[in-house]
Amino acid sequence: MADRKMSKNSGDSVIDLLDDNILLQILERLEDRFDRQAWCLSCKHFLRLEASTRNRIQLMRHEVLEGILHRYTRLEHLDLSHCIQLVDENLALVGQIAGNRLASINLSRVGGFTSAGLGLLARSCCASLTDVDLSYCSNLKDSDVLALAQISNLQALRLTGCHSITDIGLGCLAAGCKMLKLLTLKGCLGITDIGIALVAVNCKQLRTLDLSYTEVTDEGLASIATLHSLEVLNLVSCNNVDDGGLRSLKRSCRSLLKLDVSRCSNVSDAGLAALATSHLSLEQLTLSYCSIITDDLLATFQKFDHLQSIVLDGCEIARNGLPFIARGCKQLKELSLSKCRGVTDRGIAAVAQGCTALHKLNLTCCRELTDASLCRISKDCKGLESLKMESCSLITEDGLCGLGEGCPRLEELDFTECNMSDTGLKYISKCTALRSLKLGFCSTITDKGVAHIGARCCNLRELDFYRSKGIGDAGVAAIASGCPKLKLLDLSYCSKITDCSLQSLSQLRELQRVELRGCVLVSSTGLAVMASGCKRLTEIDIKRCSQIGNAGVSALSFFCPGLRMMNISYCPISNAGLLSLPRLSCLQSVRLVHLKNVTVDCFVTVLQNCKSLKNVKLPSYLRTLLPPGIAEEMESRGCRIRWMDKALEEDDVLEPH
């Protein structure tokens, strides 16, 4: 502080005249994490200020854990899910330094620790910890869950994919954690009705329960029905549940707001109709991939007058059924009919006229729909924010003409594999609030149409032109100059783009993910220019880019240190290019298939030195050529290896560049 006063007196900097409270208000207004990071690194005082207020951290490497815990003295939420592996000492350290203030910890998909480490963490944090995520910790056993039972204030626990947990562990957990309000057991195949009954007896405050892909039966649902605070229940693919179980919910579980019975093969119209005649105030109902949705069932929806979201993906809809939804569900904000059969213009017209509060409408693969549906949506759904019509091939530019004026709040549009034209893009460009636009497989659009998007849709964050082969450098230049906030861009198999496009993209400072797969005219030179400008890249796909070699991959490693995912399969790189990958300390997923100029020794060096890898795709011939223990060592530290058998085709034989 003495230094600060001296600076104020000397007048070296205007910043030094600002009070710390004002500086912190400036920091709070920086929404982008990269901007916040740059602010913190500008001087030691700013770094100390940020550390004194920050309460949430996500770490990529456990090696810096101790220093982070000491620096951020107000840390309450710790995300370690991106660390490849943790040991008991790491968890003990968290408990020792941050135990009295830690409110949540995310350990999903992390291995290496045991019940001893969890026990140390639980004892140190038992007074403050309320939220624990152990999803997909596949080695988790009953003894590990038992350690968590010490956290008496625990309110949220996620155990998705922990298939080794049984009723014994769940029962002990429920007995110790009576304050639980959220519990996810999705995919926990060792859980039966007995464990669920123990949860129901002990955790009376439970509000959210996910039993998807478990062996729960109607008996288990009868226990759940005694939870009078339950608001959210997910039963996806619970094939031992039938109509009797739903009747149990009807009789007792009147607090229920959200119910998901997707893919429950033994649930019929009768069971679902029974819910409609209850006193439930359901706001969200998901019936995806259930039996045929009949007129009689949809007629009961008129009694669900509180429904705000209906998801019927993959169902066969009775042709006269949608008008029932329109007449009864006046508060509906979301309707998803993706891949439904029986959806017609008449049905959509009824929905648009009756459900004028709609915010989201998903009509993916509803192939009978024509421009008539789009015109009705444009006329009646003034508050629509998301519209998905992928593979609705009967849609033309005539249906799009009123979309911009009719739905001015649209933020998401998906017209993948539709009959899109440049004139259609001109109409779409009037949706100036757009943040996400998907136009993959639209082979007839050209730079002329894309220019309209670049000129008017300055708020775009995501843009998908996958296999839209009419797009070239001029179109990419228009997007790069007109959409400065773009974060995700897919140009895969847009075979006309060259290094000029990559030079244009270099001005997109916020770009985080770019896909250039199959763009055979781009080279290492263009990639280096793009990388030098797009330093925030976290994901890149340059598979089958036949002119990108060592220089391009090295440039990515140098300019984009935050890269987490790379696909460089089929590229003409050699040892020199691949050896640049260990420089990427955050790299978690990489695909290295058919790199014919890379030696086995180079593969070994890279695999051993990329310490953060969680997923790697390798050619199957390497399985027998790698030294003994290499693959086992990687898997033991939490890295999943996928061995690919796909043969190298003649067209894929590339010369090094």
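Here are a few things to note about the model shown:
- Here residue 585 fulfils each of the conditions (1) touching a Pro at 6+ places or on another chain (Cβ under 9 Å); (2) among the hydroxyl-bearing types (Ser, Thr, Tyr); (3) buried (at least 19 other Cβ atoms within 10 Å of the Cβ) apart from (3).
The rows are residues; the columns are (1) within 15 Å of residue 183 (Cα to Cα); (2) hydrophobic (A, V, I, L, M, F, W, C).
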site: 211; (1), (2): yes, yes
site: 214; (1), (2): yes, no
site: 225; (1), (2): no, yes
site: 247; (1), (2): no, no
site: 251; (1), (2): no, no
site: 268; (1), (2): no, no
site: 276; (1), (2): no, yes
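- Just one of the listed residues (103, 122, 127, 147) is touching a residue at least 12 places away in the same chain (Cβ under 8 Å), aliphatic (A, V, I, L, M) and touching an Asp or Glu at 6+ places or on another chain (Cβ under 7 Å), and it is 103.
- Count of segment 20-40 residues which are part of a loop (DSSP other than H, G, I, E, B) and among the charged types (D, E, K, R): 3
- Going through (1) surrounded by fewer than 18 Cβ atoms within 10 Å (Cβ to Cβ); (2) under 28 Å from residue 613 (Cβ atoms); (3) not β-branched (Val, Ile, Thr); (4) not assigned by TED's automatic domain parsing to the domain that holds residue 21 one by one, residue 123 falls short only on (2).
- Annotation note: of 384, 463, the sole residue that is within 28 Å of the chain's Cα centre (by Cα) and under 28 Å from residue 500 (Cα atoms) is 463.
- Out of 129, 170, 140, one residue alone is under 24 Å from residue 634 (Cα atoms) and either buried (at least 20 other Cβ atoms within 10 Å of the Cβ) or over 28 Å from the mean Cα position of the chain (by Cα) (or both). It is 140.
- Residue, nearest to residue 86 (Cα to Cα), within segment 589-634, restricted to residues that are within 30 Å of the chain's Cα centre (by Cα) and of a type in the set (Ser, Thr, Tyr): 612
- Selected residue (only one of 464, 447, 499 is touching an Asp or Glu at 6+ places or on another chain (Cβ under 6 Å) and either over 25 Å from residue 33 (Cβ atoms) or among the charged types (D, E, K, R) (or both)): 464
- Pairs linking a residue in segment 211-225 that is in contact (Cβ under 8 Å) with a residue 40 or more places away in the chain to a residue that is surrounded by fewer than 24 Cβ atoms within 10 Å (Cβ to Cβ), with Cβ atoms under 7 Å and 6 or more positions apart or on different chains, are 212/186; 212/234; 212/236; 212/237.
- Segment 327-357, subset hydrophobic (A, V, I, L, M, F, W, C) and within 20 Å of residue 281 (Cβ to Cβ), residue surrounded by the fewest Cβ atoms within 10 Å (Cβ to Cβ): 357
The values are calculated or read from the model by the stated rules, or taken from the named source; none is laboratory data. Quantities reported herein were computed from a predicted structural model and do not represent experimental measurements. Heads up, the Cβs are rebuilt from the backbone with ideal geometry, glycines too, and the neighbour counts pull from every protein chain shown.
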